[in-house]
Every structure is written in structure tokens, then in C-alpha cells.
1. When the residues of the range 134-193 are filtered to those that are on the phi > 0 side of the Ramachandran plot and in contact (Cβ under 8 Å) with a residue 40 or more places away in the chain, which remaining residue is surrounded by the fewest Cβ atoms within 10 Å (Cβ to Cβ)?
2. Test of understanding: among 215, 223, which residue is more than 30 Å from the chain's Cα centre (by Cα) and under 21 Å from residue 141 (Cα atoms)?
3. Within the range 174-200, track down each residue that is outside any strand (DSSP E or B) and over 41 Å from the mean Cα position of the chain (by Cα).
4. Of everything in the range 111-148, what is within 20 Å of the chain's Cα centre (by Cα) and polar (S, T, N, Q)? Give them in sequence order.
5. What number of residues within the range 152-173 are assigned to a loop (DSSP other than H, G, I, E, B) and of a type in the set (Val, Ile, Thr)?
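Read-outs: derived from the displayed coordinates by stated rules, not from any lab. Please read all numbers here as calculations on a predicted model, not as lab measurements. Virtual Cβ from ideal backbone geometry, glycine too; neighbours counted across all protein chains shown.
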Amino acid sequence: MKVHFKSLAIGLVFGVTIASTTVAFASNTVQGVFSQIKLVVNGQSKQLNSKPVNINKTDYVSLKEVATLFGYTTKYDEKTKTYSINNQKQTPAPTQAPAPTQNVGVGNLKGTITWQYNKVIGTKGDVGAKIFLIPKNFDKSKISKNDGELFATIGSVPKDSGLQYVKANGYGDYELSGIQAGKYYLVISSKNTTRNFQEDLSDYVVSTLKPIIPNWDIFVQFNLHMNKHEVKEIEITKDKTLDVSYDFGNTFL
């Protein structure tokens with residue numbers, strides 16, 4: 001009668017401890033006891049998933065497990081009752097370590113936005129002027145339509161988007177801090193001066209901002225169509241504060 005051990009008999013010269021538990025098989029087959037052997041491969045202790053069995057002072061362990069521990073592969077053919085062992089070790093493909101994240105640092109931006117009230121009073125702070133800061137390579141598809149609308153209408157900045165927004169205070173001053181170093185477009189929309197809205201926006205403004213600003217039509221309606229505005233390309237430098245101020249002059253209406 002065939003013995004249903006799909007295993008390899010190995011004379012292990014490790015310190016073998018025979019457990020007291022006896023494994024009894026059907027009559028006229030074999031008897032054995034579980035072995036609590038320790039297996040060390042290249043100096044490293046290995047744990048077997050299936051318990052080794054000792055029969056007549058010979059330890060039997062799983063062929064598949066042992067082959068795997070030594071880096072070989074096995075394949076069993078049910079028809080021929082044959083195990084094939086691939087004697088070419090499966091060398092894992094080298095993994096490329098991810099490039100370290102470059103710490104480009106952060107910088108700051110500040111300035112004063114003004115306008116000309118009249119010849120008598122002269123310069124006043126453009127209180128409430130809107131300041132948008134948009135990365136030069138910004139991918140507008142990465143934020144949702146709703147987030148884009150909120151940014152365009154009330155300056156709500158989506159989390160981790162890289163966008164920045166602030167309003168000029170009661171003196172026309174503004175400040176943005178902790179900006180990741182890099183190149184940006186600075187968009188300033190006046191609160192107190194208007195433009196000739198019958199004129200189209202400049203080609204520069206459209207070609208520069210439309211590809212990177214989400215919900216472009218809404219952004220134009222709320223910030224550029226009626227309001228005087230200025231668009232500048234700037235660069236934020238690590239540990240530096242860039243000062244960008246602007247005067248809108250007189251209002252159109």
C-alpha cells in the first residue's frame with residue numbers, strides 16, 4: 001500500500017528532539033512521531049509550517065517547504081505523481097529605492113496693494129484686494145469641481161493643493177508665509193478699482209492663467225472681468241521673503 005507522504009527524507013544532523021506524541025496511520029502502513037527539530041539555513045533559524053515526522057529514526061519534512069527555504073521552486077504532476085524541482089534559484093529582481101524627497105524649503109511673500117483715490121487724497125490701501133498664488137506647473141485636474149468653484153469665488157484653498165490665497169488688510173498689506181520654494185503666478189485682483197469690462201482680457205492673462213486655474217469662467221467673473229488686476233511670475237526662495245507691491249492707479253468707473 002502506498003504511503004501518502006509527499007515529502008523528502010533528510011538525515012538532519014541538528015540536535016533533534018523527539019516529541020512524545022505518536023502519529024498512527026492505517027494498518028500495514030507506517031507509524032511515526034512528531035519531531036520538534038530546529039532548522040537552520042545559512043546561519044538563520046527557519047520555522048516550518050508543517051510539523052516534521054520521525055519514522056524509524058529518520059526525519060521527514062515537507063519537500064516543498066525545504067525547497068522554498070533554499071530558494072528553489074517545486075511543481076507537482078498529479079498524473080505521474082512526480083515532483084519537479086527547479087534547480088535555478090529564483091533571484092528576485094532588484095528593487096530600485098525611491099528617490100529621496102528633496103527638501104526645497106519654504107519662503108514668504110508680502111507686499112502692499114494700493115490705488116489712487118483722487119488728486120487730493122492720493123494713495124490709499126486697496127483694502128480687500130484678493131491675492132492668489134498659483135504654482136506655475138499647477139495641475140487643475142487634481143482638485144474637484146466643487147473645490148475649484150470655492151477657490152474661484154471665495155478663495156477657499158483645497159488642502160495640500162499648493163494654492164495660496166489672502167486678502168489685503170485695512171492698510172492694503174498682505175502676507176503669505178510657509179510657501180514651498182518654487183515658481184508661481186501671482187494674481188492680484190483689486191477691490192476698489194474697476195477696469196473697462198467691455199475690453200477683452202489680455203492675451204497674456206488668458207494664455208497664462210486659463211491652463212492652470214480651475215473653473216476658469218467663474219474665476220474670471222468673480223476676479224478679473226470687472227476688477228483691475230495684475231499677473232506676475234515670481235519665484236519663492238528658501239528662507240527668503242519676497243516683497244511684491246502694486247498700485248492700481250485710478251478706477252475706471
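1. In this case the residue turns out to be 178.
2. Answer to the selection: 223.
3. Scanning the range 174-200 gives 195, 196, 197, 198, 199.
4. Listed by number, the residues that qualify are 137, 141, 144.
5. Qualifying residue count for the region: 1.
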